[in-house]
1. Filter region 40-93 for residues that are assigned to a helix (DSSP H, G or I), more than 15 Å from the chain's Cα centre (by Cα) and of a type in the set (S, T, N, Q) and give the result.
2. Just need a number here: residues in region 15-48 that are of a type in the set (S, T, Y) and over 17 Å from I81 (Cβ atoms).
3. Determine whether region 13-22 contains at least one residue that is crowded, with 17+ Cβ neighbours inside 10 Å, acidic (D, E) and modelled with pLDDT of 95 or more.
4. Give the number of residues within region 31-44 that are over 12 Å from P58 (Cα atoms), at pLDDT 95 or above and surrounded by fewer than 19 Cβ atoms within 10 Å (Cβ to Cβ).
5. Please enumerate the residues belonging to region 53-95 that are closer than 11 Å to V105 by Cβ and either touching a strand residue (DSSP E or B) at 6+ places or on another chain (Cβ under 8 Å) or among the aliphatic types (A, V, I, L, M) (or both).
6. Can you tell me how many residues within region 67-95 are in contact (Cβ under 8 Å) with a residue 12 or more places away in the chain and either of a type in the set (A, V, I, L, M) or on the phi > 0 side of the Ramachandran plot (or both)?
7. Please go through region 107-121 and give me each residue that is closer than 15 Å to F18 by Cβ and loosely packed, with under 14 Cβ neighbours inside 10 Å, ordered by number.
8. Please enumerate the residues belonging to region 87-121 that are within 21 Å of P48 (Cα to Cα) and among the acidic types (D, E).
Amino acid sequence: MAIQKILVVDDSPTERYFLTDILAKNGFSVSTAENGEEALLKIKADKPHLILMDVVMPGQNGFQITRAIARDAETQDVPVIICTSKNQETDRIWGLRQGARDYLVKPIDPQELLAKIASLS
């Protein structure tokens, strides 16, 4: 399935704008959520083809939301790429164990992000 609809989940308006701008300029349809709870509502309402997930957010963190997505029969087929400032190898391993398909460390490199998305299509 070609990836067209992407949900960006990040509590930082700057990061949401930065990622939305990159994705929109490359032809993707982008929606955003400011936290995990909002993300889960949006995923149920209009299932995206891909989710870009921050980790450090108010309420449930990105690891918890990724795990919820991966364990839900309705959403487990939606790939999650974690986009975070947490750059420890243990964080990366933990993120992948929660069900994420990939893990990118901020600042996000636009070309690397687009390559990761292309590899999932």
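The values are calculated or read from the model by the stated rules, or taken from the named source; none is laboratory data. All values reported here derive from a predicted model rather than from experimental measurement. Cβ placement follows ideal geometry from the backbone for every residue including glycine, while neighbour counts extend to all protein chains displayed.
1. Residue satisfying the conditions is T90 alone.
2. 1
3. Scanning region 13-22 turns up at least one residue that is crowded, with 17+ Cβ neighbours inside 10 Å, acidic (D, E) and modelled with pLDDT of 95 or more.
4. So the answer is 4.
5. The answer is V55, I82, C83, T84, S85, K86, N87, D91, R92, G95.
6. Total meeting the criteria: 7.
7. P107, D109, Q111, E112
8. D102, E112
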